[in-house]
Amino acid sequence: MKKIEVLIENIERVIVGKRKAVERVVLALLADGHILIEDVPGVGKTMLARALSKSINLSFKRIQFTPDLLPSDIIGVSVWDEKEKKFKFREGPIFTNILLADEINRGTPKTQSALLEAMEERQVTVDGITHTLPEPFFVIGTENPIEYEGTFPLPEAQLDRFLMRIRIGYPEPLMEKEMLDRLEKEHPINIIGGVLEPEDILSLKKEVINIFVDDGIKNYIVELGNEIRKNENVYLGPSPRSLLFLMRVSQAKALLSSRDFIIPDDVKDLIIPVFNHRVILKPEAKLKGITEEKVIEEALLRVKVPIDEKI
């Protein structure tokens, strides 16, 4: 799909050598979901969010999560207007198109939960009054690995709101050298412009929904989810919401590939980033060195791949 390719290529002018990470962020946006990036500082998480917003001419705001951050600092607060003798709602930074929830796991659970309604229903409720968020609304959460001190692990309900969890990782040496070359004089984020408009994203989202999904693919997704749930090493498996997310982002992947239908490879390519933060292992499984990715890969081996005339 030419429009999506143009968007990805424009972001790659800033984020060098990380095509898959950039692609997955864009797919999450088109699938009407949100994305969580878990990685060490300095690999480009914030810059990726900024490059995306500039490439689509969308409003962008960043919230730095800290232990003393309050829900009202995110959502907003009602303030008494002395002139009009009534309370007026003062919008918080959540009223934007792209929200970077930076180091989200440094915020307290109470503050983290302030995002739940916004991410699911695209609205916030303050003092009994509902306020609709801008469209599109896309949350990019970043977190440091849980090994770092001063972090609060995201609860399952919060994790389940994120369509995918990905890692960017360090670039290959050649790509790192290219990054230094590009940054020698001026940062590319200062010179890239918009290549799409917000209306283009809304239109592409509609196209994603219209991508054909064969019953065989739907059954494949359901069987994969159930295979993971019944694994003896799994305490909590992927939710029904995650099955829908996997189908939706696979539709976005098909659109990127200029197809009007999903193939099994779309599902296989995206199942780990969609499921890896939703699979909760039993403590004894972790002691054995079993990982969420390994459990998902075992399910892929056990579940029969559907065969269709289109595929």
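What follows draws every value from the coordinates through simple rules; no lab data is involved. Predicted model only: the values in this text are computed from it and were never measured. Positions of Cβ are generated from backbone atoms using ideal geometry, with glycine treated the same way; all protein chains shown enter the neighbour counts.
Taking the C-alpha atoms only, the angle from helix 19-30 to the longest principal axis of the chain is near 70 degrees. Taking square-rooted eigenvalues a ≥ b ≥ c of the alpha carbon gyration tensor, is the chain rounded, prolate or oblate, where a/c under 1.5 means rounded and, failing that, a/b exceeding b/c means prolate? The shape class here is rounded. Under the classification rounded if a/c is under 1.5, otherwise prolate if a/b is larger than b/c and oblate if not, where does the stretch 107-260 fall, given a ≥ b ≥ c as square roots of the Cα gyration tensor eigenvalues? Because its axes are fairly even, with a/c under 1.5, the stretch 107-260 counts as rounded. Within the listed set 36, 116, 163, the residue fluctuating most in the Gaussian network model of the chain (springs between alpha-carbon atoms under 10 angstrom) is 116. The listed peptides 125-138, 6-19, ordered by packing as a protection proxy, come out as 6-19, 125-138 (highest mean of other Cβ atoms within 10 Å first).
By how many degrees, 0 to 90 and rounded to 10, does the Cα axis of helix 2-12 deviate from the longest principal axis of the chain? Once rounded, the angle reads 70 degrees.
Net length available on complete extension from residue 244 to residue 287 is 12.3 nm, with 0.36 nm assigned per residue and the Cα-Cα distance removed. Distance from the Cα centroid of the stretch 32-69 to that of the stretch 251-311 is 25 Å (rounded to whole angstrom).
A Gaussian network model of the chain, with springs between Cα atoms under 10 Å, assigns the largest mean-square fluctuation among 42, 289, 225 to 289.
Filter the GluC sites (Glu not before Pro) in the stretch 158-232 to those in DSSP coil with at most 15 other Cβ atoms within 10 Å of their Cβ, and list the result.
Numbers: sites: 176, 178, 184, 186, 199, 207, 223, 227, 232; in loops: 184, 186, 232.
Counting only loop positions with at most 15 other Cβ atoms within 10 Å, the GluC sites (Glu not before Pro) in the stretch 158-232 are 184, 186, 232.
In the chain, the longest principal axis of the Cα atoms and the axis of helix 198-209 are about 30 degrees apart. Summing Cβ point charges (Lys, Arg +1; Asp, Glu -1) relative to the Cα centre of the stretch 186-311 gives a dipole of roughly 600 debye. Only the Cβ atoms of Lys and Arg (+1) and of Asp and Glu (-1) were treated as charged; on that basis the dipole of the stretch 2-199 about its Cα centre amounts to roughly 360 debye.
For the options 285, 118, 252, a Gaussian network treatment of the chain with springs between C-alpha atoms closer than 10 Å singles out 285 as fluctuating the most.
Net length available on complete extension from residue 212 to residue 57 is 52.8 nm, with 0.36 nm assigned per residue and the Cα-Cα distance removed. Normalising the average separation of contacting C-alpha pairs (under 8 angstrom, six or more residues apart) by the number of residues puts the relative contact order of the chain at 22 percent. Label positions at residue 189 and residue 223, each projected 7 Å from the Cα along the C-beta direction, are separated by 4.5 nm. Measuring r between the beta carbons of residue 80 and residue 232 and using R0 = 51 Å, the FRET efficiency lands at 0.30.
Loop-resident trypsin sites (Lys or Arg not before Pro) (DSSP state other than H, G, I, E or B) in the stretch 190-281 with no more than 14 further Cβ atoms inside 10 Å of their Cβ: 230.
Under the simplified labelling scheme, the residue 64-residue 268 pair shows an inter-label distance of 4.5 nm, with each label point 7 Å from Cα along Cα→Cβ.
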